[in-house]
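**Student:** Take this structure, written in C-alpha cells, and hold onto it; I'll ask about it next.
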C-alpha cells in the first residue's frame, strides 16, 4: 500500500468530547467516501493499515467499519476485504411506528431500559438525517428493549437540538422532557406531533453485533443481528433518525414490501 492509499486516514485520531473513538474513526472514513477520495467500489485498506494510519487499535477500526457497513457505506466480501459501496439498498417495514411497538407480540409486551440520554456532536451519518450540520449538537436516547426478561434489541434515537432545526421547534423539547423513561423518543414525539410526522423509510441490513454492543445485549461479538435504520421527516425536512439492532431472540418480524 502506498502513502496515497492511506492519506485520507493519516494522522492521530482525536475525537470530540462525548464521542466514542469508534464513531470518530467512522467519521474520518465516511468523510473520505463522501468527498470521493475513496471511489465507489474501491477496496479499503486492511484493519491493521487503517489502525496504524489513525493511531488507534484494530478493535476501534473494526467497530468503525461495522458501523459503516450498517449504514450502507461499505460492503464486505468474504475472503477479499471491504469495499466502498456502489449503491444503497432500499427495503422497508410497512409503516412508521416506534420500534417497541414493532417488537411487541400479543400477550408478550416489551419493556424498555433507557441507558443513555446525552447531547453529542452529530456524526457524518447522523447529521443529514436529522437536519443538522456535522458536529452540531444532537440529542441521543439509547435504549435496551427486552421481552419476557430477554434483551432483544438495542435502540439509538437521534434528533437535532441546534436552534432552527426541526427538532428544536415548538412542542418537541417539552414532549421529550415529559417523556417517560418507559417510552421511546419516537413515542414521545408522536404524542406531541401526531400526524405531523412523516413520511419516512426504514432500511434493513444484517451485521454482527460487535464487542461493545454485545455486552449490552448479552451476546457474543460475532453473533448476527438485523439492523433497522429509520428515517422520519417533518414538514418535508429531515427530522429523526433511529438505528435498532434486533437479535435472533426477537423471533419473527413481519415485513411487507411494495
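**Student:** Test of understanding: among 86, 70, which residue is within 23 Å of residue 25 (Cα to Cα), in contact with a strand residue (DSSP E or B) (Cβ under 6 Å, 6 or more places away or on another chain) and at pLDDT below 90?
**Tutor:** Result: 70 is the single residue among 86, 70 that is within 23 Å of residue 25 (Cα to Cα), in contact with a strand residue (DSSP E or B) (Cβ under 6 Å, 6 or more places away or on another chain) and at pLDDT below 90.
**Student:** Step by step: first the residues of region 33-67, then only those that are surrounded by fewer than 18 Cβ atoms within 10 Å (Cβ to Cβ) and modelled with pLDDT under 85, then the one that is nearest to residue 209 (Cα to Cα). Which residue is that?
**Tutor:** Once the filter is applied, the top-ranked residue is 34.
**Student:** Which one is modelled with the lowest pLDDT, of the residues in region 194-205 that are surrounded by fewer than 18 Cβ atoms within 10 Å (Cβ to Cβ) and under 18 Å from residue 233 (Cβ atoms)?
**Tutor:** Looking at the filtered set, the residue picked out is 195.
**Student:** Scanning for something assigned to a helix (DSSP H, G or I), over 16 Å from the mean Cα position of the chain (by Cα) and under 26 Å from residue 202 (Cβ atoms), does region 82-90 turn up at least one residue?
**Tutor:** no
**Student:** Working only within region 23-64, note down all residues that are assigned to a helix (DSSP H, G or I) and in contact with a strand residue (DSSP E or B) (Cβ under 6 Å, 6 or more places away or on another chain).
**Tutor:** Matches in region 23-64: 33 only.
**Student:** Applying the selection to region 207-237, what residues are under 21 Å from residue 97 (Cβ atoms) and either in a strand (DSSP E or B) or touching a strand residue (DSSP E or B) at 6+ places or on another chain (Cβ under 8 Å) (or both)?
**Tutor:** Once the filter is applied, which keeps residues that are under 21 Å from residue 97 (Cβ atoms) and either in a strand (DSSP E or B) or touching a strand residue (DSSP E or B) at 6+ places or on another chain (Cβ under 8 Å) (or both), region 207-237 yields 225, 226, 227, 228, 229, 230, 231, 232, 233, 234, 237.
**Student:** Just the residues that are assigned to a loop (DSSP other than H, G, I, E, B) and surrounded by 20 or more Cβ atoms within 10 Å (Cβ to Cβ), please, taken from region 70-81.
**Tutor:** Listed by number, the residues that qualify are 71, 73.
**Student:** Among the residues of region 126-146, what is the count of those that are closer than 17 Å to residue 214 by Cα and surrounded by fewer than 22 Cβ atoms within 10 Å (Cβ to Cβ)?
**Tutor:** Result for region 126-146: 3.
**Student:** Shifting gears a bit: Would you check if residue 19 is modelled with pLDDT under 90, under 26 Å from residue 156 (Cβ atoms), touching a strand residue (DSSP E or B) at 6+ places or on another chain (Cβ under 9 Å) and part of a loop (DSSP other than H, G, I, E, B)?
**Tutor:** yes
The values are calculated or read from the model by the stated rules, or taken from the named source; none is laboratory data. Quantities reported herein were computed from a predicted structural model and do not represent experimental measurements. Methodologically, a virtual Cβ is constructed for each residue, glycine included, from the backbone with ideal geometry; neighbour enumeration extends over all protein chains shown.
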